[in-house]
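The values are calculated or read from the model by the stated rules, or taken from the named source; none is laboratory data. A quick note: this is a predicted structure, and the numbers were derived from the prediction, not measured. Here the Cβ is made from the backbone with ideal geometry for all residues, glycine too, and neighbour counts use every protein chain on show. Side chains included, ligands, DNA and RNA excluded: accessible areas come from the protein's heavy atoms. Shrake-Rupley method; radii C 1.70, N 1.55, O 1.52, S 1.80 Å.
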Amino acid sequence: IFLKNKYPKEFFLTLLQMSNEESDKHEIIATIKKEMDAFGIKLRSPHILHSDIDYKIYNGDIIMGLSSIKNISDKAILHLRDFQNQYSSKFDVFRASDLCKLNAAVMSSLILAGSLDDVLTESRAKTLAEYNIWRLMKTKEKDWATKLGPEYNYNLIEIVKALNEKIRGDNGKFIIKDSRRGTIRRDFMPFLEQYNFNKKHEKLANWFFESKLLGFAYSTSLFEIYKNDVENLVPISEIAGDLEKSKHTFVCEVVEAKLGQSKEKKTPYLKLNVKDHSNELRVMIFNGKNNAKLDQCRELNNNKLPKEGDICIIKATKMDGNTVFADQITIQMIDVFLKISQLPKDKLNN
């Protein structure tokens, strides 16, 4: 306790560095971050230029190391040591990834975790899509793209089009033939589908990417994302201190879901442990004697009940302690995808 209060930055830095050895490190990091918030110490997201491999104290706060990002392996870290440099455009970043032999999974994680945000001008979803076009291009085509970057505002899709329709080489032929452009278009299609899904809800997508890759979201919260669309929305932290039987509406992520029935009356129930950026909460929903709210929940959500990882908007009545009884639960049917392998086959090319 003495060290925590006397040297809080150093104390939390040590805890964070120790978390790297734990299998559930992302959950541990999220817990440590909450304590840091109480001390007024910010946990900064990883940054390609400012971060080391591990956590460090940076500008009065603690900045995450690049190894904190999911999918960044020890082997990738060796390549990342050569990747850190000053960049003037996203094409510089793409070229650096080629030279350092960073694989697609590592680059995707760097982009989606936001570690390149200060370098890039496009959204993360758009940058990832363009990076996947870059991966499909040959060295000569990349050289031309880099040269044409300023003229086309670094829009790689437009540059590929120009190389096929406008730009000719010394032999008088277009740099990219029709057949070659067709191949690029075919191989890029799954990544385009991924982008088309993710761009529809960019703030939610960024929240999702950060949560999955870092263990917590730093750029926004579910409350901020939904507060203008849901009437009387409150953060979970406001509920615990309110009066019993008060009514509340909140948005949350399901941490745990358990379906069961009471011992005495055999009443079906669903118990949820949920969280938002501010706190955690227990949610109960029953099939009561006069009101089958659990069945109503299924009907409202296409015969589904909330499960771990779902985002839900819940209208509930405050009970004792940190528990509420749900009056209505709406699962948010929003698709965000980290990988093209996660894309639903029935939605592809629709």
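None of LEU222, LEU214 is aliphatic (A, V, I, L, M), buried (at least 19 other Cβ atoms within 10 Å of the Cβ), under 30 Å from ASP54 (Cα atoms) and modelled with pLDDT of 95 or more except LEU222.
The residue pairs whose first member lies in region 298-309 and is without any contact (Cβ under 8 Å) to a residue 60 or more places away in the chain and of a type outside the set (Phe, Trp, Tyr), whose second member is open to solvent by 70 Å² or more (accessible area, probe 1.4 Å) and part of a loop (DSSP other than H, G, I, E, B), and whose beta carbons are closer than 9 Å, counting only pairs six or more residues apart or on different chains, are ARG298/LYS304; ASN301/MET333; ASN302/MET333. Exactly one residue out of MET137, MET107 is in contact with a helix residue (DSSP H, G or I) (Cβ under 6 Å, 6 or more places away or on another chain) and not acidic (Asp, Glu): that is MET107.
Report, by residue number, each residue of region 162-179 that is of a type outside the set (A, V, I, L, M, F, W, C), assigned to a helix (DSSP H, G or I) and touching a residue at least 12 places away in the same chain (Cβ under 8 Å). Scanning region 162-179 gives ASN164, ASP178. Hey, does region 137-159 have a residue that's aromatic (Phe, Trp, Tyr), modelled with pLDDT of 95 or more and part of a helix (DSSP H, G or I)? Scanning region 137-159 turns up at least one residue that is aromatic (Phe, Trp, Tyr), modelled with pLDDT of 95 or more and part of a helix (DSSP H, G or I). Applying the set (1) open to solvent by less than 50 Å² (accessible area, probe 1.4 Å); (2) over 19 Å from the mean Cα position of the chain (by Cα) to LEU300 leaves exactly one unmet item: (1). Of the residues in region 242-259, not one is modelled with pLDDT of 90 or more, under 23 Å from LYS33 (Cβ atoms), out of contact with any strand residue (DSSP E or B) (no Cβ under 7 Å at 6 or more places or on another chain) and acidic (Asp, Glu). Among the residues of this structure, LYS6 does not count as one that is touching an Asp or Glu at 6+ places or on another chain (Cβ under 7 Å) and not small (Gly, Ala, Ser). Evaluate region 99-116: report whether one residue or more is open to solvent by 60 Å² or more (accessible area, probe 1.4 Å), part of a helix (DSSP H, G or I), over 22 Å from GLY215 (Cβ atoms) and at pLDDT below 95. Among the residues of region 99-116, at least one is open to solvent by 60 Å² or more (accessible area, probe 1.4 Å), part of a helix (DSSP H, G or I), over 22 Å from GLY215 (Cβ atoms) and at pLDDT below 95, which makes the answer yes.
Taking the listed residues ILE62, ILE57, the one that is open to solvent by less than 20 Å² (accessible area, probe 1.4 Å), of a type in the set (A, V, I, L, M, F, W, C) and either in contact with a Phe, Trp or Tyr (Cβ under 8 Å, 6 or more places away or on another chain) or not in a helix (DSSP H, G or I) (or both) is ILE62, with no other qualifying. For region 132-154, the candidate set comprises residues that are over 16 Å from VAL93 (Cβ atoms) and touching a residue at least 24 places away in the same chain (Cβ under 8 Å); within that set, the residue that is least open to solvent (accessible area, probe 1.4 Å) is GLU141. Among the candidates LEU43, LEU78, single out the residue that is out of contact with any Ser or Thr (no Cβ under 6 Å at 6 or more places or on another chain) and open to solvent by less than 80 Å² (accessible area, probe 1.4 Å). Checking each option against the conditions leaves just LEU43. The condition of being out of contact with any Lys or Arg (no Cβ under 8 Å at 6 or more places or on another chain) and of a type in the set (A, V, I, L, M) holds for only one of LEU305, LEU294, that being LEU294.
Taking region 273-347 and the strands (runs of 3 or more DSSP E) fully enclosed by it, the elements with 1 or more residues that are modelled with pLDDT of 90 or more and within 30 Å of LEU192 (Cα to Cα) are at 311-318, 323-331.
Residues that are of a type in the set (Phe, Trp, Tyr) and in a helix (DSSP H, G or I) were ranked within region 205-261; the one that is farthest from LEU272 (Cα to Cα) is PHE209.
Against the list (1) in contact with a Ser or Thr (Cβ under 9 Å, 6 or more places away or on another chain); (2) open to solvent by 20 Å² or more (accessible area, probe 1.4 Å); (3) of a type outside the set (A, V, I, L, M, F, W, C), the condition TYR87 fails is (1).
Condition check: more than 20 Å from the chain's Cα centre (by Cα) and either open to solvent by less than 40 Å² (accessible area, probe 1.4 Å) or farther than 25 Å from HIS201 by Cα (or both). Does ASN232 satisfy that? Here the answer is no, as ASN232 does not meet what is asked. Condition test on ASP310, is it of a type in the set (Asp, Glu) and open to solvent by less than 60 Å² (accessible area, probe 1.4 Å)? Yes, satisfied.
Pull up region 65-75, narrow it to residues that are of a type in the set (S, T, N, Q) and not in a helix (DSSP H, G or I), then point me to the one that is least open to solvent (accessible area, probe 1.4 Å). Out of the qualifying residues, it is SER73.
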